[in-house]
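Shown next, in structure tokens, is the structure this report addresses.
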Amino acid sequence: PWLKEFDRAADYPAPLPEPERLSKLRPDMQDYIRKYSKKAMDIELLREIVQPAVDFARRTGQAVYCGEFGVIEQAPLSARLNWTRDFIAVLREHGIGRALWSYKAMDFGLVDAGGRVVNEELVHIASLH
């Protein structure tokens, strides 16, 4: 919901877009904004975000599964492709299973509401083992 308030396209990889504007829109997210505003949205940030799950898996010996991830369809296609490629790479680095959210008709889909593939390259990236 807060990204809808932001109402800006964000590229990936890129700096966090307009941290000052974000902090005005969402004062409740000051800690989050402060933590990430000096960082680039890139594969290193994705590694940092996934690290607690990796640490949990190592500490407990339990497998980790990422059951929902994706990029909203309103994002620029290049950002969707780049982010998805990087996020899957990070999950693969750590042997984390995954499922792209969602298969169709819910803002993150590989196919649209009519069942047509949104983008062949996105489908290819999502299917990488």
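State which residue is nearest to Leu122 (Cα to Cα) when the search covers only the range 67-80 and only residues that are surrounded by fewer than 18 Cβ atoms within 10 Å (Cβ to Cβ) and not small (Gly, Ala, Ser).
Leu77
Hey, can you tell me all the residues within the range 51-62 that are open to solvent by less than 100 Å² (accessible area, probe 1.4 Å), within 11 Å of His94 (Cα to Cα) and either in contact (Cβ under 8 Å) with a residue 40 or more places away in the chain or more than 20 Å from the chain's Cα centre (by Cα) (or both)?
Ala53, Val54, Ala57
Considering only the range 76-126, state which residues are over 22 Å from Tyr65 (Cβ atoms) and among the hydroxyl-bearing types (Ser, Thr, Tyr).
Selection gives Ser78 alone.
Test of understanding: among Ala99, Ala89, Ala40, which residue is small (Gly, Ala, Ser), closer than 13 Å to Ala126 by Cβ, surrounded by 13 or more Cβ atoms within 10 Å (Cβ to Cβ) and at pLDDT below 95?
Residue meeting the stated conditions: Ala99.
When you look at Arg116, is it of a type in the set (Lys, Arg), over 17 Å from the mean Cα position of the chain (by Cα) and modelled with pLDDT of 95 or more, yes or no?
Considered against the rule, which asks whether it is of a type in the set (Lys, Arg), over 17 Å from the mean Cα position of the chain (by Cα) and modelled with pLDDT of 95 or more, Arg116 comes out as no.
The values are calculated or read from the model by the stated rules, or taken from the named source; none is laboratory data. Being a predicted model, the structure only gives us computed values, none of them experimental. Virtual Cβ from ideal backbone geometry, glycine too; neighbours counted across all protein chains shown. Heavy atoms of the whole protein, side chains included, go into the accessibility calculation; ligands, DNA and RNA do not. Shrake-Rupley method; radii C 1.70, N 1.55, O 1.52, S 1.80 Å.
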